[in-house]
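J.: A single structure is presented below for examination.
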Amino acid sequence: MMANIFSLASVTFRESIRNRTILAILLLGAAFAASALLLAALALDQRIRVITDWGLFCLSVFGVGMAILLGVNLVQKEVGRKTLYVVLSRPLSRWQYVVGKFLGMLAVLLVVMLVLTCTLIVMLLLEGRAPGSLLVKAMVLSGAEIVLVAALALFFSSFSSPYLSGLFTLGTFVVGRSLPELEKLIDRLQLPPLHALLKGLFFLLPDFADFQRAPRVVNDIPIPWQELASALTYGAGYCLILVLLSCWVFSKRELV
Amino acid sequence: MNSDTAIFLAGVHKTFRSGLRRRRTRALRGLDLQVERGEIFGFLGPNGAGKTTTIKILVDLLRPDSGEVRILGRSSRDHRARQQLAYLPELPSFYDYLNPVELLNHLGRLAGLDRHTLKKRVPQLLERVGLDPAERRQLRKFSKGMLQRVGFAQAMLAEPEIYILDEPMGGLDPLGRRWAKELISELGKKGKTVFFSSHVLAEAEAVCSRVAFIHRGQRLAEGGLAELLQNDTDRWEILVQGSSVRNDTRVAAAGAAMNEAGEDTLLLVEGESELQQLLRCLLDGGHRVQAVNRQHRSLEDLFVGLMKQEARKPS
């Protein structure tokens, strides 16, 4: 069982990492992160703040973008191109296929995150500042956010087309990032019949704002370990539910 | 169903729904089929007959609405049923950025083969399908025919009992088709069960021991090749030198159909007594008979006949 999952993950990783489009996006991300030095030149005495802020922004944007791109194509591309037919005709369960693909995608995302974070760290070192634990915590939270987006994309792609999956994932991400503001808004609007319904919906949606710590790093406000652990536990739990749901949906699916 | 049954389908129904109005398309209507171990079984029918749907149900890519589907006695839903099964899809597609060695190693691991076995078998198979010179080339650079050969290699990887091949000659050039036919015959000689769908009836005729015709999701005919191709009518072809026979009213009155065959004339007649009468007419008329042959009934004739019968039925 583990050999099957490992083999699927390894093939997914190799197939993605050799794809020139993926490599081009990764290099573009690294170039964007490195361009922090140019922006810093305009910032006079705020160079470190600008480099950190821009680096974390690039990590988030390119990481989330890559998670959506890879996630929505993970299953659907193989269904469309029928490459999964010879795989699923082997004696393996469909959940093993989904888990293997997901782990392969996580390995690619890990490479993306490593490249972007290393670029940020190099930029900081060039400015004579070593990355502190606050920055590392923010990077870890950003990584958790990217993994959660990938799980969301995988879930949508287990039953809908890549375009729709991309749209659903991006929509959920944008709403999830704005949840605190949206909750304040519905509290202020005073719409009793809708209030409970929207509150329930917001509870079900992933709270991406929980992973957003760049402003704290820039302003040197500490992130307690407890807060970090709580956000990571929430992300891991949500991911697990999404992967389980994806396995269940895909195992019921007919491959016409 | 007995212990020698490799593939068993009983009363299999499958309906697809499509569009906003969820329009129903009945792909299979109570299909029954039984394939014994060691048979090379041709699954034939026109486009849209339900061949690929049946094959996808056998490998559990689709699930039937009702009916029973068994592979070597196990339900097709049980993933252990696929331990003794290989599947070659129609015009197969593989991972673009892998090479054939990586692909076969991956699929071999999924089939439960260990590293040692794969190290030995993968190069042998690539040589067998004639792809050893391209073993390190990425699959996106392969032609259709080469991908079909990779498809054969992946099917033979775990040396299973049953081979399910969907249009296995697709994408192959004439030499490739001959190679594929030899390969299928070889599998049959080794005692393997081969279940394959095809549009190319002449090729099915050349390799199959038994065939079934399917149309609109139902089986029209099934049986051994010899049994199905047995002539139920005596049809004869007579080749007569020259074209003067075409103006002979006595020959025309004998009820023979006349066709041009280059400068000569080909006469077609049904029944042995009619043949004798026609031959007498020809000899009396001074025509030179070059050849008399009993017409052979082909799978194509049978297929066309079945389709005509079906067309006459009210839908």
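The values are calculated or read from the model by the stated rules, or taken from the named source; none is laboratory data. Quick caveat, the model's predicted, so the values are computed rather than measured. Note: ideal-geometry Cβ built from the backbone for every residue, glycine included; neighbour counts use all protein chains shown.
J.: Right, A:Arg20: at pLDDT below 90, within 14 Å of another protein chain (Cβ to nearest Cβ) and within 30 Å of B:Tyr95 (Cβ to Cβ) or not? Lay out the reasoning, then the answer.
T.: Details: at pLDDT below 90: yes; within 14 Å of another protein chain (Cβ to nearest Cβ): yes; within 30 Å of B:Tyr95 (Cβ to Cβ): yes.
When the stated conditions are applied, A:Arg20 passes them.
J.: Moving to a separate point now. A:Ala40 is checked against (1) surrounded by 15 or more Cβ atoms within 10 Å (Cβ to Cβ); (2) at pLDDT below 85; (3) out of contact with any Asp or Glu (no Cβ under 8 Å at 6 or more places or on another chain) and fails just one. What number does that condition carry?
T.: Of (1) surrounded by 15 or more Cβ atoms within 10 Å (Cβ to Cβ); (2) at pLDDT below 85; (3) out of contact with any Asp or Glu (no Cβ under 8 Å at 6 or more places or on another chain), only one is false for A:Ala40: (3).
J.: While we're on this one: Given the residues B:Leu98, B:Leu88, B:Leu118, B:Leu110, which is the only one that is within 14 Å of chain A (Cβ to nearest Cβ), crowded, with 22+ Cβ neighbours inside 10 Å and free of Cβ contacts under 8 Å to residues at least 60 places away in the same chain? Before you say what the answer is, go through the steps one by one.
T.: Values: B:Leu98 fails: crowded, with 22+ Cβ neighbours inside 10 Å; B:Leu88 fails: free of Cβ contacts under 8 Å to residues at least 60 places away in the same chain; B:Leu118 fails: crowded, with 22+ Cβ neighbours inside 10 Å.
Matching residue, one of B:Leu98, B:Leu88, B:Leu118, B:Leu110: B:Leu110.
J.: Assess whether A:Ala33 counts as being modelled with pLDDT under 90 and either out of contact with any helix residue (DSSP H, G or I) (no Cβ under 7 Å at 6 or more places or on another chain) or not in a helix (DSSP H, G or I) (or both).
T.: No: the conditions fail for A:Ala33.
J.: Right, another one. What's the number of the condition A:Arg81 fails, among (1) in contact with a Ser or Thr (Cβ under 6 Å, 6 or more places away or on another chain); (2) crowded, with 23+ Cβ neighbours inside 10 Å?
T.: Here A:Arg81 meets the rest and fails (2).
J.: Exactly one of (1) crowded, with 16+ Cβ neighbours inside 10 Å; (2) modelled with pLDDT of 90 or more is unmet by A:Gly171. Its number?
T.: Every listed condition holds for A:Gly171 apart from (1).
J.: Does any residue of region A:49-66 turn out to be farther than 26 Å from B:Ser75 by Cα, within 14 Å of chain B (Cβ to nearest Cβ), assigned to a helix (DSSP H, G or I) and modelled with pLDDT under 90? Explain how you work it out, then say what you get.
T.: Within region A:49-66, the subset farther than 26 Å from B:Ser75 by Cα is A:49-66.
Pick out the ones that are also within 14 Å of chain B (Cβ to nearest Cβ) and you get none.
Checking region A:49-66: not a single residue is farther than 26 Å from B:Ser75 by Cα, within 14 Å of chain B (Cβ to nearest Cβ), assigned to a helix (DSSP H, G or I) and modelled with pLDDT under 90.
J.: Here are the criteria: (1) without any contact (Cβ under 8 Å) to a residue 24 or more places away in the chain; (2) assigned to a helix (DSSP H, G or I); (3) within 26 Å of A:Ser35 (Cα to Cα); (4) touching a helix residue (DSSP H, G or I) at 6+ places or on another chain (Cβ under 8 Å). Tell me which single one A:Arg216 does not satisfy.
T.: In the conditions (1) without any contact (Cβ under 8 Å) to a residue 24 or more places away in the chain; (2) assigned to a helix (DSSP H, G or I); (3) within 26 Å of A:Ser35 (Cα to Cα); (4) touching a helix residue (DSSP H, G or I) at 6+ places or on another chain (Cβ under 8 Å), A:Arg216 misses (1) alone.
J.: Can you go through B:Ile71, B:Ile40 and tell me which one is modelled with pLDDT of 90 or more, surrounded by 18 or more Cβ atoms within 10 Å (Cβ to Cβ) and in contact with a Cys (Cβ under 6 Å, 6 or more places away or on another chain)?
T.: Numbers: B:Ile71 fails: in contact with a Cys (Cβ under 6 Å, 6 or more places away or on another chain).
So the residue among B:Ile71, B:Ile40 that is modelled with pLDDT of 90 or more, surrounded by 18 or more Cβ atoms within 10 Å (Cβ to Cβ) and in contact with a Cys (Cβ under 6 Å, 6 or more places away or on another chain) is B:Ile40.
J.: Could I ask something else about it? Considering every residue within region A:234-250, establish whether at least one is closer than 21 Å to A:Lys77 by Cβ, within 14 Å of chain B (Cβ to nearest Cβ), surrounded by fewer than 12 Cβ atoms within 10 Å (Cβ to Cβ) and not hydroxyl-bearing (Ser, Thr, Tyr).
T.: Within region A:234-250, none of the residues are closer than 21 Å to A:Lys77 by Cβ, within 14 Å of chain B (Cβ to nearest Cβ), surrounded by fewer than 12 Cβ atoms within 10 Å (Cβ to Cβ) and not hydroxyl-bearing (Ser, Thr, Tyr).
J.: Answer yes or no as to whether A:Ala31 is in contact (Cβ under 8 Å) with a residue 24 or more places away in the chain and either over 16 Å from A:Leu109 (Cα atoms) or among the β-branched types (Val, Ile, Thr) (or both).
T.: So A:Ala31 does not fit the description; no.
J.: Still on this model: Can you give me the ranges of the strands (runs of 3 or more DSSP E) entirely in region B:198-315 with at least 1 residues that are without any contact (Cβ under 8 Å) to a residue 40 or more places away in the chain and touching a Lys or Arg at 6+ places or on another chain (Cβ under 9 Å)? Outline the logic, then answer.
T.: On the way: elements: B:210-215, B:218-224, B:235-240, B:257-261, B:264-270, B:289-294.
In region B:198-315, the matching strands (runs of 3 or more DSSP E) lie at B:218-224, B:257-261, B:264-270.
J.: Starting from region A:42-61, keep only residues that are among the charged types (D, E, K, R), then list their pairs with residues that are surrounded by fewer than 16 Cβ atoms within 10 Å (Cβ to Cβ) whose Cβ atoms are within a distance under 6 Å, requiring at least 6 positions of separation or different chains.
T.: Taking only residues 6 or more apart or on different chains, the pairs are A:Arg47/A:Glu127.
J.: When you scan region B:102-120, how many residues do you find that are assigned to a helix (DSSP H, G or I) and under 28 Å from the mean Cα position of the chain (by Cα)? Give the derivation first.
T.: Going residue by residue through region B:102-120, those that are assigned to a helix (DSSP H, G or I) are B:102-110, B:115-120.
Keeping just the survivors that are under 28 Å from the mean Cα position of the chain (by Cα) gives B:103-104, B:107-108.
Final tally of qualifying residues: 4.
J.: What number goes with the only condition from (1) exposed (fewer than 14 other Cβ atoms within 10 Å of the Cβ); (2) within 11 Å of another protein chain (Cβ to nearest Cβ); (3) closer than 21 Å to A:Ile17 by Cβ that B:Arg136 does not pass?
T.: (2)
J.: Of all helices (runs of 4 or more DSSP H) completely enclosed by region A:121-210, which ones contain at least 3 residues that are touching a Ser or Thr at 6+ places or on another chain (Cβ under 7 Å)? Write out each step before concluding.
T.: Working: elements: A:133-157, A:162-177, A:179-189, A:192-204.
It comes to A:133-157.
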